[in-house]
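Below: the structure, in structure tokens.
No value in this document is a laboratory result; all are computed from the given coordinates. Because the structure is a prediction, the values reported are computed rather than measured. Quick reminder, even Gly has a Cβ in these numbers, built from the backbone with ideal geometry, and neighbours come from all protein chains shown.
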Amino acid sequence: MARAGRRLWRIFASVLLTVMVFWAGWMGAVLVWSAMDEAQPAGSIVVLGAAQYDGRPSPVLRARLDHGIDLWKQGMGKLLVLTGGKGYGDTTSEAAVGGIYARKHGVPDSSIVLENKGRTTRESMLAVSAILSTRRITSAILVSDPFHMLRLSILGNRFGITTYTSPTRTSPISPNREKRWRYMIGESVKAPLAFLFERKL
């Protein structure tokens, strides 16, 4: 019995060590992607949605929109795709609020496309893939918070988009150490799941 117990413990310890090394590798990748800015001319600029309050963008959403609009004004992409559906109890979508904000900051209607159905990152990126495909656009600069970049890159490439990530540096999440690390740890689990289980289109 003692020998069997030691054998089970060794197996458990080996599995635990393997899982920890696997997780640490992905955590490192999340950190690397969060620090990179790959912005370069592309067919589109895609801004991922975040909360809105009664038609006003939350500080997180505003930081993402400001960065996406800045990239558009630099000529990095002609099309600005804004994502995000309605939250529970909302009367308008995150994308629609983003569209109003973008127009107020000088982006014309002809350059704005709304993806206003997605309630998750995956749903939004899948819908964006369809939108770009109908317009024969193959590349996109993806804009969101730094912690989000790796998973966005994985999903975008899985869904047939040539992706370049460009995180906003003004999000209120970034200077909040506790919140930032909570999101980073979450992405260190979500990113490998996307990599392992998301199918290519």
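Quick rundown of the values:
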quantity: For the range 116-131 and the range 1-52, distance of Cα centres in Å; calculated: 24
quantity: Candidates Thr91, Thr162, Thr121: whichever shows maximal mean-square fluctuation once the chain is modelled as a Gaussian network with Cα springs under 10 Å; calculated: Thr91
quantity: For the range 13-26, 3J(HN,Hα) per residue [Karplus equation, 6.51 cos²θ - 1.76 cosθ + 1.60, θ = phi - 60°, Hz, x = Gly/Pro]; calculated: 5, 5, 5, 4, 5, 4, 5, 5, 5, 4, 5, 4, x, 6
quantity: Selection from Ala51, Gly99, Trp9 lying farthest towards where the dipole of the chain points positive, charges on Cβ; calculated: Trp9
quantity: Residue of Ser174, Ser93, Ser44 that the Gaussian network model of the chain assigns the largest fluctuation, springs spanning Cα pairs under 10 Å; calculated: Ser174
quantity: Rounded to whole Hz, the Karplus (6.51, -1.76, 1.60) HN-Hα couplings of the range 35-44, x for glycine and proline; calculated: 8, 8, 10, 9, 3, 7, x, 9, x, 7
quantity: Full-extension gain in nm, Ala24 to Tyr88, via 0.36 nm per residue minus C-alpha separation; calculated: 19.5 nm
quantity: The chain: Lys pairs at Cα distance under 23 angstrom, eight or more positions apart or on different chains; calculated: 11
quantity: Whole-number Å³ per residue for the convex hull built on Cα positions in the chain; calculated: 136
quantity: Most mobile listed residue (Pro167, Pro57, Pro175) in the chain, GNM with C-alpha springs under 10 Å; calculated: Pro175
quantity: Sequence-distant residues sharing a close amide H with Gly49 (under 5 Å, placed H); calculated: Thr83, Gly84
quantity: Overall Cα dimensions of the range 87-144, principal axis frame, Å, largest first; calculated: 33, 28, 20
quantity: Listed residue (Phe197, Met149, Ala42) projecting farthest to the positive dipole end of the chain, Cβ model; calculated: Phe197
quantity: Trypsin sites (Lys or Arg not before Pro) restricted to DSSP loop in the range 159-201 with at most 16 other C-beta within 10 Å; calculated: Arg169, Arg199, Lys200
quantity: Extension gain (nm, one decimal) between Arg56 and Asn176, 0.36 nm per residue minus Cα-Cα; calculated: 41.0 nm
